[in-house]
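K.L.:
Questions regarding the structure given below will be posed in turn.
The values are calculated or read from the model by the stated rules, or taken from the named source; none is laboratory data. What you see is a predicted model, and the numbers here were worked out from it, not measured in a lab. Here the Cβ positions follow ideal geometry from the backbone for every residue, glycine too, while neighbour counts run over all protein chains shown. In case anyone asks, the SASA skips ligands and DNA or RNA and just uses the protein heavy atoms, side chains included. Shrake-Rupley method; radii C 1.70, N 1.55, O 1.52, S 1.80 Å.
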Amino acid sequence: MTEDQAAGTATRRLWDDDGHRTDAGYVVSVPVRWSDMDVFQHINHARMVTLLEEARIPWLFYEDKPTTLMRAGCLVADLHVKYQGQIRHDESPIAVTMFVERLRAVDFTVGYEVRPHGAAPDSKPAVVASTQLVSFDVDTQRPRRMTAEEKAYLSGFVRE
């Protein structure tokens, strides 16, 4: 499910785990599908990017979050993915920890740490990534300043 699809289904949940806040950030368990695997039996790069996107949905776009306004406009401006290990299909669901690396008036950078199912939360992540997201006004086709509520929510996830 893409973020655009999530915008049309305000109360629909992707899976049973809506995620939870920890000292490290917001953690969501994301199921890995058989089709996410490549011929080497680990998660394909393009599919990993999709799994990161799916992890963001319960953290930022569900109806009970102060950032739901971003469902109407949020763009990916930059994306980096670094693999430090492999994750295979049988290590599902993956644990995706998300946090804010940088928070500005119209954009913020999400940091990710991805670990296989059952890995200790403080173990070395198999994947580290970042995504710069821009709050966007579709009507004016311009970046939108985030509300005080959005910034307050996101600031609670800033890693020092």
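K.L.:
Which numbered condition in (1) of a type in the set (Val, Ile, Thr); (2) surrounded by fewer than 17 Cβ atoms within 10 Å (Cβ to Cβ); (3) within 13 Å of the chain's Cα centre (by Cα) is the only one that Val27 fails?
P.N.:
Result: Val27 passes all but (2).
K.L.:
If I ask for residues that are of a type outside the set (A, V, I, L, M) and closer than 30 Å to Ser92 by Cβ, which ones from the range 119-149 would you list? It would help to see each step written out before you state the result.
P.N.:
Let us first name the residues in the range 119-149 that are of a type outside the set (A, V, I, L, M), namely 121-125, 130-132, 135-137, 139-145, 147, 149.
Matches in the range 119-149: Pro121, Asp122, Ser123, Lys124, Pro125, Ser130, Thr131, Gln132.
K.L.:
Please tell me if Leu79 is of a type outside the set (Ser, Thr, Tyr), buried (at least 16 other Cβ atoms within 10 Å of the Cβ) and either outside any loop (DSSP other than H, G, I, E, B) or without any contact (Cβ under 8 Å) to a residue 40 or more places away in the chain (or both). Show your work before the answer.
P.N.:
Values: of a type outside the set (Ser, Thr, Tyr): yes; buried (at least 16 other Cβ atoms within 10 Å of the Cβ): no; either outside any loop (DSSP other than H, G, I, E, B) or without any contact (Cβ under 8 Å) to a residue 40 or more places away in the chain (or both): yes.
It is false that Leu79 is of a type outside the set (Ser, Thr, Tyr), buried (at least 16 other Cβ atoms within 10 Å of the Cβ) and either outside any loop (DSSP other than H, G, I, E, B) or without any contact (Cβ under 8 Å) to a residue 40 or more places away in the chain (or both).
K.L.:
Quickly run through the range 22-44 and pick out the residues that are among the polar types (S, T, N, Q) and assigned to a loop (DSSP other than H, G, I, E, B).
P.N.:
Initial filter on the range 22-44 (among the polar types (S, T, N, Q)): 22, 29, 35, 41, 44.
Result: Gln41, Asn44.
K.L.:
Let me ask something additional. Restricting attention to the range 45-74, report how many residues are outside any helix (DSSP H, G or I) and open to solvent by 40 Å² or more (accessible area, probe 1.4 Å).
P.N.:
Taking the range 45-74 and keeping what is outside any helix (DSSP H, G or I), we get 62-67, 73-74.
This time we only want the ones that are open to solvent by 40 Å² or more (accessible area, probe 1.4 Å), so: 63-64, 66.
So the count comes out to 3.
K.L.:
Only one residue in Ser135, Ser130, Ser155 is modelled with pLDDT of 95 or more and either more than 19 Å from the chain's Cα centre (by Cα) or over 26 Å from Glu63 (Cβ atoms) (or both), so which one is that?
P.N.:
Details: Ser135 fails: either more than 19 Å from the chain's Cα centre (by Cα) or over 26 Å from Glu63 (Cβ atoms) (or both); Ser155 fails: either more than 19 Å from the chain's Cα centre (by Cα) or over 26 Å from Glu63 (Cβ atoms) (or both).
The match here is Ser130.
K.L.:
Further, regarding this structure: Would you check if there is a residue in the range 142-153 being touching a Leu at 6+ places or on another chain (Cβ under 9 Å), of a type in the set (Gly, Ala, Ser) and within 21 Å of Val27 (Cβ to Cβ)?
P.N.:
no
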